[in-house]
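Down below is the structure, laid out as structure tokens.
Bear in mind that the values in this text are calculations on the coordinates, not laboratory data. Everything numeric in this text was worked out from a predicted model, so none of it was measured. Reconstructed Cβ throughout: ideal geometry from the backbone, glycine too, with neighbour counts over all protein chains shown.
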Amino acid sequence: MNKSSATIMAAALMLASSCAEVKQEGQGYEPIIGKQEITIKDGRLTPEALWAMGRIGSLSVSPDGQKIAYTVAYYSVAENKSHRMIYVMDANGKNNTQLTQTGWNEGDPQWIKNGNKIAFLSNESGGNQIWEMNPDGTERRILSDFKGDIEGFSFSPDGKKILFISQVKYGQRTVDLYPDLPKASGIIVNDLMYKHWDEWVESVPHPFIADFDGNMMGSAIDIMEGEPFEAPMKP
């Protein structure tokens, strides 16, 4: 790694981690997980120091190439969870600003409407939906009213359609096979793939397409309806 690359990486880590806790006012939330103090003892990079660092996630460059919107996730070992926020900065790294300061997880920022708005995912409404806001974080409003969680999305070049990913039911549950035992907790396995890492495979991701009129997303169509396959595939 050359000196320039090392400098950029060090700057990114410093940008994503320092020492303040952001509090959410008036929303009925506990203080959200914010930036933390990174403590290095005896020159050793400990697990505690690593957990205190923010994790830079998805990013999007504005159409004019002047701004970068990106996410940072902060972690709490005590709470055993993370919290994701959206930032924006100039392409040269200056004027770094935190846009979202809520108790909700918000991410996947994308510039839309010729760079006049930033679309993003938020679970503010109880499940992940697509929202938009001004590049300064003001005038937040929801763009979708989909029944399931939206896991990722992309706007067509003309801005008139939205492609997004959501989970659909996979296979039959025990209660489907034995409706007279609605409280049964057993898992019936008769096919692959029945488990992915630490979770039972009861749903698969499918791509959906919906119209967008500039105000709200229209009805969505599962373009792989009836197929038992993952698209995209899980890691």
| task | Of the options GLY137, GLY93, SER156, report the single residue whose Cα projects farthest towards the positive end of the charge dipole of segment 90-176 (beta-carbon charges: Lys, Arg +1; Asp, Glu -1). | result | SER156
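If a/c stays under 1.5 just call it rounded; otherwise compare a/b with b/c (prolate if a/b is bigger, oblate if not). Do that for segment 29-131, with a ≥ b ≥ c from the square roots of the Cα gyration tensor eigenvalues. Don't jump to the answer; show the numbers that get you there.
Working: a/c = 2.96, a/b = 1.44, b/c = 2.06.
Cα axes put segment 29-131 in the oblate bin.
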| note | Under the helix-only model (-39500 (n - 2.57) for each DSSP H run of 4 or more, divided by the residues of the chain), the mean residue ellipticity at 222 nm, to 500 deg cm²/dmol, is -2500 deg cm²/dmol
| task | Determine the distance separating the Cα centre of segment 139-158 from the Cα centre of segment 176-208; give it in Å without decimals. | result | 27 Å
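What does the extension gain come out to for ILE56 and SER76, with contour length at 0.36 nm per residue minus their alpha carbon separation? Before the final figure, lay out each step's value.
Values: separation 20, 0.36 × 20 = 7.20 nm, distance 1.57 nm.
Gain on extension, ILE56 to SER76, equals 5.6 nm.
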| Label point at THR174 placed 7 Å out along Cα→Cβ; residues across segment 196-211 whose backbone nitrogen lies under 16 Å | 200-202
| remark: Checked against the positive end of the charge dipole of segment 144-235 (+1 on Cβ of Lys and Arg, -1 on Cβ of Asp and Glu, about the Cα centre), the farthest of ASN215, LEU192, PHE146 is LEU192
| query | With the Cα gyration tensor of segment 111-224 giving a ≥ b ≥ c as the square roots of its eigenvalues, does the rule (a/c under 1.5 for rounded; else a/b larger than b/c for prolate; else oblate) give rounded, prolate or oblate? | reply | prolate
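What's the local net charge at LYS160, with K and R +1, D and E -1, over the other residues with C-beta under 14 Å away?
Values: positive: LYS113, LYS161; negative: ASP158, ASP211, ASP213.
Cβ neighbours under 14 Å give a net charge of -1.
In segment 139-190, which chymotrypsin sites (Phe, Trp or Tyr not before Pro) are in a loop and have at most 15 other Cβ atoms within 10 Å, using DSSP for the loop call?
Numbers: sites: PHE146, PHE153, PHE155, PHE164, TYR170; in loops: PHE146, TYR170.
Filter output for segment 139-190: empty list.
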| said: If each residue of separation counts as 0.36 nm, what is the full-extension length gain between PHE229 and ASP64 once their alpha-carbon separation is subtracted? | reply: 55.6 nm
| Points 7 angstrom from Cα along the Cβ direction at LEU192 and ASP136: gap in nanometres? | 5.6 nm
| query | Between rounded, prolate and oblate, where does the chain land on the alpha carbon gyration tensor, with a ≥ b ≥ c its root eigenvalues, rounded for a/c under 1.5, else prolate if a/b exceeds b/c? | reply | oblate
